[in-house]
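What follows is one structure encoded as structure tokens, with my remarks underneath.
The values are calculated or read from the model by the stated rules, or taken from the named source; none is laboratory data. Small disclaimer: the values here were computed from a predicted structure and weren't measured. Cβ coordinates were reconstructed from backbone atoms using ideal geometry, including for glycine residues, and neighbour counts include every protein chain displayed. We work out accessible area using only protein heavy atoms, side chains counted, and drop any ligands, DNA or RNA first. Shrake-Rupley method; radii C 1.70, N 1.55, O 1.52, S 1.80 Å.
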Amino acid sequence: MYRKLILNDIKKNKLITFTITAFIMLAALFTTLGLNMFVNLLGAIDNLMMDAGTPHYVQMHSGDLDRERLEQFAMEYPGIEELQVSEFLNFEGADIAIGEQSLTDSVQDNGLTIQNQKFDLLLDLDNQVIYPQDGEIYVPIYYMTEGMAKIGDTVWIQDASFTIAGFLRDSQMNSALSSAKRFLVSENDFIKMRIGGKPEYLIEFRFAREVDIKKFESDYINAGLEDNGPAVTYGLIKLMNGITDGIVIAMLLLVSLLILIVAFLCVRFTLIAKVEEEYKEIGVLKAIGLRTSEINKLYIAKYSAVAVIGCGLGFLLSLTLQKPLLANIHLYMGRSGAPILGTLLGGGGAICVFASVILYVNRILHRFHKISAVQAIRFGAPAEQTKLSRGFCLTNNHLIPTSAFLGVKDVFSRKGLYLVMLLVLIISCFIMTVPQNISNTIGDRSFMTYMGFGECDMRLDVYLEDDIQPRLKGIGQMLSVDEDIEAYSIYTFWLFDMKMNDGSMAKLRVGLGDHSAFPLTYEKGREPGQENEIALSVLNAGELLKEVGDTIVLIIEGQEKVFTVCGIYSDITNGGMTAKADFHVENLKKEKVLGGMIPVILKDVSRIDTKITEYKEQFSYAKVSKVDNYIEQDLGMIMKITKIVSAAAVAVSGVLTVLITMLFMKMLVIKDRYQISVLKALGFTGNLIRQQYLVRAGVVLLLGVSIGTIAANTLGELVGTMLMSFVGVATFHFKINPLFAYLASPVMIGSCVYAAARLGLKDIDSIKVSEYIKE
């Protein structure tokens, strides 16, 4: 019986059934894809880090190294399973060329290394350990995805040439956000190249059991071991590997949630309309003794069938789309080892969508309990409640055509009816605009304020050099007399010992200089302006449990100095673990200096290439870069993927708007058959009546697009902040493209509404006065 009823209802209401099925399918599709990607991402990262033997703690160091002392510490410290010292030879970008392309403009610290013996292994694209032959070189995947390298190309490093034998996965430095990239060569070639590179050491530890990382770091520092460089942990490495695809997953699940809300609105509207249409039949069924639960089953059976088809199609479609979406994960990290688990969890997501739809339908059907059989049979569905000011009547109208006036009046007199379409249009604006705004913001130059330095045109970096401060001063002297320079500021980066609340010691990376000259984006407070003030990055503040007004104790010149936290800012560089201060100390040990950076603003940006060449020739020890390259190279993959997701969101929003508008207008015509018959009897033509309904759609469109655009460009920032907060961006301000947000987006939605409304109003001509006027 159920099967026959369902088939008959589907044949009778093809558009309604198709629209609801489409929304449920889209919600299931995005949910399934997001959850499937989530499982595959976690599995792929775990497998890569397990196959590579990623270290649990890495201390980077430049300078002299006492291996015996390190080995003694590792032998005596409980919990350490292995110690390994990996050497890394830094080369300037100008010293490296891949094929015809020089890495002069690369913002990465590029260098050579050899295969490690114990752990932190460099793997090929099958996650197998690589052992290059003499003359061969394995290049980071990053340069393959950028289209700069392919197997068989020649890599020139200073005067030596190598042939690319393949590409490597580096569990530590895979991410574009990682500031360094390791090229793998044979041991013989490494020895030959040592004379031309700048050595740096990765002091790596693996633990046999769980160790308190903070306590370990404190004990390492107290032991006076090598620490001239930043330190990273296993958890931070894992986070960096998952950032790009993690943002995509979050965006997919956001779109899925919004589509599911639209599906609920659609189900509610169509179901209530259907109940009103069949009110007398329901009364008859109750009168002959059929229980409410039995009546409910008739409707639940139909929506169960629709939900099963929609979720099933969404799940099957996800299986065809998951390959391109998982391609980036598979390329950078390999297979997850749990494809079935990902598929099962994705299927579980589709089942959750199905269950939520059925629960929602069941909740709506609770109104059946209030239906009186006698009232339903005698009078049918209760009349709609309309409220409107007495002054808003046709006799008082002298400004707009009658059809348009009646359309506007109907919207305001039946607000509850049009609320569904209004909410859908608001959500459509949200789906179309928010992902686009996120993509625009990440790709905008102002995003550099989330990368540890203020907005500028050019920057000069000096790292791993003796006498860094005098060298920076020399650059500053030339900048001060350069007539093409608008502004500049000198910053130096130091590692200070920090005293924790329990008396233990830790390390804090602090940038010293005038931070008001090139301000960052602050979530709370402001930049340091006094010598006893310090600002912390979001992740650092969270790690240290510090808020604005709290204090931090640093060891300066062997003495404790108390600093007050004056601000908390966003920073996605150096793992997001940084701090800013403005004080000067004469006797800082030079081995604690990590480097220096000078941001520069030019009077004429068109001369930037000339100035970069000029300063590179003058200061060979400095890395001189166009700031746009930092954003493009560090965030290029994220920008590329978010653009794809935002384009998909625009398409989904358009489809959603067309379907819901067409459905709404069709249902509205069915609901208003009596009123339409009366208007026809009074002499209104089909075109005039259609104009009324188009005006109704236009009024709702105007309200929906206005509210939706404002909400997407304001409240949408909260969504953007939520997506970016886990990478250290706590205050995310949209960089809005006004042409798209305030013109293109409303025009696209308006076009969809108009086209769909015209299609949905076709049935007006088929309504005969003789059939419906008697109702």
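With the alpha-carbon atoms of the chain aligned to their principal axes, the span from lowest to highest coordinate is 99, 57, 55 Å, starting with the largest. Solvent-accessible area of Asp582, all protein chains in place: 50 Å² (probe radius 1.4 Å, heavy atoms, ligands and nucleic acids excluded). Each Lys and Arg contributes +1 and each Asp and Glu -1, all at the Cβ; summed about the Cα centre of the chain, the dipole is approximately 7120 debye.
For region 76-206, what Kirkwood radius comes out of the mean inverse Cα-Cα distance, in Å?
Details: mean 1/r = 0.0667 Å⁻¹.
Radius from the Kirkwood sum: 15.0 Å.
Positive end of the dipole of the chain (Cβ unit charges, origin at the Cα centre): among Ala176, Leu419, Ile767, the Cα lying farthest that way belongs to Ile767. Annotated for region 437-574: lysine pairs at least 8 residues apart or interchain, Cα distance under 20 Å, count 7. Given their separation in residues at 0.36 nm each and the Cα-Cα distance between them, Leu688 and Asp609 gain 22.1 nm when the chain is fully extended. Of the residues Gly347, Tyr674, Met500, the one whose Cα sits farthest toward the positive end of the charge dipole of the chain, with +1 on the Cβ of Lys and Arg and -1 on the Cβ of Asp and Glu, is Tyr674. Once divided by 2.2 N^0.38 Å, the Cα radius of gyration of region 484-543 becomes 1.33. Accessible surface for the chain, divided over its residues, is 44 Å² per residue with a 1.4 Å probe.
Under 14 Å from the 7 Å Cα→Cβ point of Val481, by amide nitrogen: which residues of region 617-642? Backbone N within reach: none found.
Hydropathy at least -1.0 by Kyte-Doolittle, axial extent at least 30 angstrom from the Cα trace: which helices of the chain, defined as entire DSSP H runs, fit? For the chain, where a helix must reach 30 Å along its axis and average at least -1.0, the hits are 14-52, 234-277, 292-333, 339-364, 415-443, 627-671, 686-714.
Please give the calculated 222 nm ellipticity per residue for the chain, where each DSSP H segment of at least 4 residues contributes -39500 (n - 2.57) and the sum is spread over every residue; nearest 500 deg cm²/dmol? Working shown, then result.
Values: 22 runs with 395 residues, N = 775.
Helices in the chain give a 222 nm mean residue ellipticity of -17500 deg cm²/dmol.
Gyration tensor over the Cα atoms of region 287-366: the corresponding equivalent ellipsoid has semi-axes (square roots of 5 times the eigenvalues, largest first) of 39, 10, 8 Å.
When DSSP assigns beta bridges and you keep just the ones with both residues in region 125-242, what percent turn out antiparallel, to the nearest 5? Walk me through the intermediate numbers first.
Numbers: 5 of 10 bridges.
The answer is about 50 percent antiparallel.
Dipole size of region 414-468 about its Cα centre, with +1 on Lys/Arg Cβ and -1 on Asp/Glu Cβ: approximately 1040 debye, rounded to the nearest 20. Which one of Ile259, Val462, Gly63 is farthest out on the positive end of the charge dipole of the chain, using unit charges on Cβ (Lys, Arg +1; Asp, Glu -1) and the Cα centre as origin? It is Ile259, whose Cα lies furthest towards the positive end. Normalised Debye scattering of region 512-626 at q = 0.11, 0.14, 0.22 Å⁻¹ gives log10 I(q)/I(0) of -0.47, -0.72, -1.24, counting only Cα atoms as equal scatterers and leaving out solvent. Expressed as a whole percent, the accessible area of region 512-634 that falls on carbon and sulfur atoms is 44 (1.4 Å probe).
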